[in-house]
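Below: the structure, in structure tokens.
The values are calculated or read from the model by the stated rules, or taken from the named source; none is laboratory data. Predicted model, so just to flag it, every value in this text is computed and none were measured. FYI the Cβ positions are ideal-geometry reconstructions off the backbone, even for glycines, and counts take in every protein chain you see. Calculation scope for accessible area: heavy atoms of the full protein, side chains included, ligands and nucleic acids excluded. Shrake-Rupley method; radii C 1.70, N 1.55, O 1.52, S 1.80 Å.
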Amino acid sequence: MFDSVANCTDACALTLGQRTHIRTVPTSDHTTIAVSGDVDLAVTAELHDQPHQALRQRPASLLIDFADVGFCSADGLSVVLDLVTTAHAADVPVAIITDQHAVLRPIRLLELDHVLPLHRDRVDVEAWLSLLTRLR
């Protein structure tokens, strides 16, 4: 069911079932993990593994793009929270890109919007990363 994406240095894509796709795109500025479809218990293992593999490559920053996620379970949010914690411990800036109600609503209900680095779009992320660069 799963394709291995270990040691991804170019764009890698993973399709989980028929509903969820995870794409890793490393660049010199950042690594993007773009997720589309449903983030539920069936995909949490791979959602955990791919970004953590990307963190082992020491990217300048890590962007988790949930702009095309239609559903996000509590298990999915737990994986995202763990990823953000791991990235902070590794001193890698991480941002979550989404404007999807299906993702933002549970984040707000669980009051995770106070601890997760949420951004509405890439323009907002680029401005935030630029500010971080100036502050370092």
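For the structure I just gave you, tell me whether L118 is under 11 Å from the mean Cα position of the chain (by Cα) and free of Cβ contacts under 8 Å to residues at least 24 places away in the same chain.
Yes.
Quick one: which helices (runs of 4 or more DSSP H) lie wholly within region 1-119 and hold at least 2 residues that are hydroxyl-bearing (S, T, Y), at pLDDT 90 or above and open to solvent by less than 30 Å² (accessible area, probe 1.4 Å)?
none
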